[in-house]
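**Student:** One structure follows; several queries about it will come next.
The values are calculated or read from the model by the stated rules, or taken from the named source; none is laboratory data. The structure displayed is predicted, hence computed values, not measured ones. So basically every Cβ, Gly included, is an ideal-geometry build from the backbone, and we count neighbours across all protein chains shown. To get the accessible areas, we keep the full protein, side chains included, count just its heavy atoms, and leave off ligands, DNA and RNA. Shrake-Rupley method; radii C 1.70, N 1.55, O 1.52, S 1.80 Å.
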Amino acid sequence: MTSSELWTRETADRYDAEEAETGMASAAVLGPTLDFLAELAGDGRALEFAIGTGRVGVPLRERGVPVVGIELSEHMASVLRRKTDEETLPVTLGDMATTVVPGEFTLVYLVYNTISNLLTQDEQVECFCNAARHLSPGGRFVVELGVPPLRFLPPGQVAVPFDVSERHLGFDTFDLVEQVLVSNHFTRDPDDGTYRRDNSRHRYAWPAELDLMARIAGLERERRVGDWDGRPFTEDSAKHVSVWRKPA
């Protein structure tokens, strides 16, 4: 068990609906993501760390890429299993830092800020090592991760809002010493108007820190872009998609 917080059955059951509302399951978001990953996988197999309910893994498999998943939460995996069977998309229950599955892969990927679920630097380093362990020579490890929005913090402020809408209020609070943020959500029930509060902890990391983790794992950075569509990564980018390669 790593420091990642477990997703509950209640959270897993509503996950897909909430992602549909935010647009993360839309063709506009998934199309470029799947194009990017399928090109890197080529004719080989892909391993998704923290596959969740299969938002990316299931449609990538439908594109013809053999996909295997690792998932910590049995509740999230059970939602995925409603979409496809074990033979089509095998999933192993375990943490992404230490769990090993059989075989080699041309692609290991980790999307949607999920590496930040590992709350210590040591575990994030182990995640890179685990990716390298599964890659065939020349294979790639891909991470999608937000850039910490610390530029929005004036002195003395520890909270940054990221969504203020009729149905949802979201803001992150930061512990600048421990490099941990708490993502806070207040979601309005459309039926009775009550609000549900959720929060989750994450360890944020800068792109350069991830590059060093990759070097420790024996990987070389090949590419960094600002999104799945390949736009340049700049000082104003809110996130990055980074690719590291295992030397042949």
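**Student:** Tell me, what % of the accessible area of the chain is carbon and sulfur with a 1.4 angstrom probe?
**Tutor:** Taking all protein chains in place, the chain shows 52 percent carbon and sulfur surface.
**Student:** Moving on to the next point. Given the DSSP H assignment, sum -39500 (n - 2.57) over each helix run of at least 4 residues in the chain and divide by its residue total; what's the result at 222 nm in deg cm²/dmol, nearest 500?
**Tutor:** The per-residue figure over the chain is -8000 deg cm²/dmol.
**Student:** Read phi for every residue in the range 235-240 and hand back ³J(HN,Hα) as whole Hz from Karplus 6.51 cos²θ - 1.76 cosθ + 1.60, θ = phi - 60°, with x for Gly and Pro.
**Tutor:** 5, 9, 5, 7, 8, 9
**Student:** At a 10 angstrom cut-off on C-beta neighbours, averaged per residue, how do the peptides 183-195, 97-109 rank from highest to lowest?
**Tutor:** Those peptides, ordered most packed to least, come out 97-109, 183-195.
**Student:** So what is the accessible area of the chain per residue, in Å², with the probe set to 1.4 Å?
**Tutor:** Per-residue value: 49 Å².
**Student:** Please report the antiparallel percentage of DSSP beta bridges with both residues in the chain, rounded to the nearest 5.
**Tutor:** If I count the DSSP bridges inside the chain, around 70 percent turn out antiparallel.
**Student:** Report Rg/Rh for the range 150-200, rounded to two decimals, where Rg is the Cα radius of gyration and Rh the Kirkwood radius.
**Tutor:** With Rh from the inverse mean 1/r over Cα pairs, Rg/Rh is 1.07.
**Student:** Let me ask something else. If I require 18 Å or longer along the helix axis, counting alpha carbons, and a Kyte-Doolittle average no lower than 0.5, what helices from the chain are left? Use full DSSP H segments.
**Tutor:** 27-41
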